[in-house]
Every structure is written in C-alpha cells, then in structure tokens.
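Asker: Below: one structure in structure tokens.
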C-alpha cells in the first residue's frame, strides 16, 4: 500500500523534472541563439564578403524564428519565458568584435563555428533524454539546421582566410 501511495508523487516529480529539463534546454538554446543573433546582426553591418553577409542574414531570420517558437512553447508550460540573453563571455566577445575592422569576416565565421558546435552539443545532450514530443521535435529540427550551418561555415572559413 505504501508503494501505491508514493507512485503518483513519483510520477509528478518525474513530470516536473521533465518540464524543468525542457525549460532549461529552451533557456540554454535561447542564450546561445541570442549570441548568434547579435553577432549576425553585427555581421550584416561589418562583413565585407557577400557570402558571409548572406549567411548572417539567414542566421538572423532563423534565430528570430527559433526564439519565438521556444519562448511560446515555454510560456505555454505555465512558466515564465526564459531570458533571451547571451552569457557574459558572449557579450564580451560581441563587444570585442564591434572594435574589429580588418579581419571581421574571419572572426565572425570562427565565432559562428564555435557557437554552432556548442549548440549542436546542447541539442544532442538534450535529445538523449528528451521526453516532451514538441520540444524534442524542435530540437531535432534545430540539430539538422545546425549541422547544415556547420558545413556551410567550414566552406566560408576557407573563403575568408
């Protein structure tokens, strides 16, 4: 009888833990996405290479869409929408990039490669334990786009060196 009495409590704890995992994943993805978004907006102003500008333009559109989707999913979970702020070190890197003139394109591409690798790791870790189907589907789509972007960025890296 004691086991039966604790079963609903355990199920609720697992459900809450799952929701926390979803929200933590959304918040982390939004943080990295915000860094990529801010850097890409800067690249639209400063980049010289047309292919780099095209990538930045596509990245801005994609990150804005992903932020909207994840924020609306998070709000729908009876929670406060995650903060969409880059981490301190990402903001400091953005400030450093604002000061660059020569070499901006190369620095931007390298930054994007690093950010996308971190985003890919984040998605893969989340997908290994994902429970909630909608968040899982968004992460699967994001993972595919991130892999495509990494391939594109590797080509751009050769162009800007």
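The values are calculated or read from the model by the stated rules, or taken from the named source; none is laboratory data. Worth saying up front: this structure is predicted, and the values here are computed from it rather than measured. When we count neighbours, we look across all protein chains shown, and the Cβ atoms used for this are built from the backbone with ideal geometry, even at glycine.
Asker: For the stretch 143-161, enumerate the residues that are in a helix (DSSP H, G or I) and touching a residue at least 40 places away in the same chain (Cβ under 8 Å).
Answerer: 145, 149, 152, 153, 154, 156, 157, 159, 160
Asker: Which condition does residue 89 not pass, out of (1) outside any loop (DSSP other than H, G, I, E, B); (2) modelled with pLDDT of 85 or more; (3) closer than 30 Å to residue 158 by Cα, if it passes all the others?
Answerer: So the condition that residue 89 fails would be (2).
Asker: Among the residues that make up the stretch 93-115, is at least one of them within 19 Å of residue 64 (Cα to Cα) and loosely packed, with under 15 Cβ neighbours inside 10 Å?
Answerer: For the stretch 93-115, residues within 19 Å of residue 64 (Cα to Cα) and loosely packed, with under 15 Cβ neighbours inside 10 Å: absent.
The rows are residues; the columns are (1) surrounded by fewer than 21 Cβ atoms within 10 Å (Cβ to Cβ); (2) more than 21 Å from residue 107 (Cα to Cα); (3) at pLDDT below 95.
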site: 30; (1), (2), (3): no, yes, yes
site: 35; (1), (2), (3): no, no, yes
site: 38; (1), (2), (3): yes, no, yes
site: 54; (1), (2), (3): yes, no, no
site: 65; (1), (2), (3): yes, yes, yes
site: 69; (1), (2), (3): yes, yes, yes
site: 74; (1), (2), (3): no, yes, yes
site: 84; (1), (2), (3): yes, yes, yes
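Asker: Looking at (1) modelled with pLDDT under 90; (2) over 19 Å from residue 141 (Cα atoms); (3) in a helix (DSSP H, G or I), can you tell me which one residue 78 breaks?
Answerer: (3)
Asker: Another question, then. What number of residues within the stretch 129-142 are part of a helix (DSSP H, G or I) and crowded, with 18+ Cβ neighbours inside 10 Å?
Answerer: Summing the residues that are part of a helix (DSSP H, G or I) and crowded, with 18+ Cβ neighbours inside 10 Å in the stretch 129-142 gives 4.
Asker: Anything in the stretch 20-38 that is touching a residue at least 60 places away in the same chain (Cβ under 8 Å) and either closer than 19 Å to residue 141 by Cα or out of contact with any helix residue (DSSP H, G or I) (no Cβ under 6 Å at 6 or more places or on another chain) (or both)? List them, or say none.
Answerer: 21, 22, 25, 26, 28, 29, 32, 33, 36 - these are the residues of the stretch 20-38 that are touching a residue at least 60 places away in the same chain (Cβ under 8 Å) and either closer than 19 Å to residue 141 by Cα or out of contact with any helix residue (DSSP H, G or I) (no Cβ under 6 Å at 6 or more places or on another chain) (or both).
Asker: All but one of (1) surrounded by fewer than 13 Cβ atoms within 10 Å (Cβ to Cβ); (2) modelled with pLDDT of 80 or more; (3) within 24 Å of residue 140 (Cβ to Cβ) hold for residue 16; which doesn't?
Answerer: Here residue 16 clears every test but (2).
Asker: Any idea how many residues of the stretch 93-128 are at pLDDT 95 or above and not in a helix (DSSP H, G or I)?
Answerer: 1
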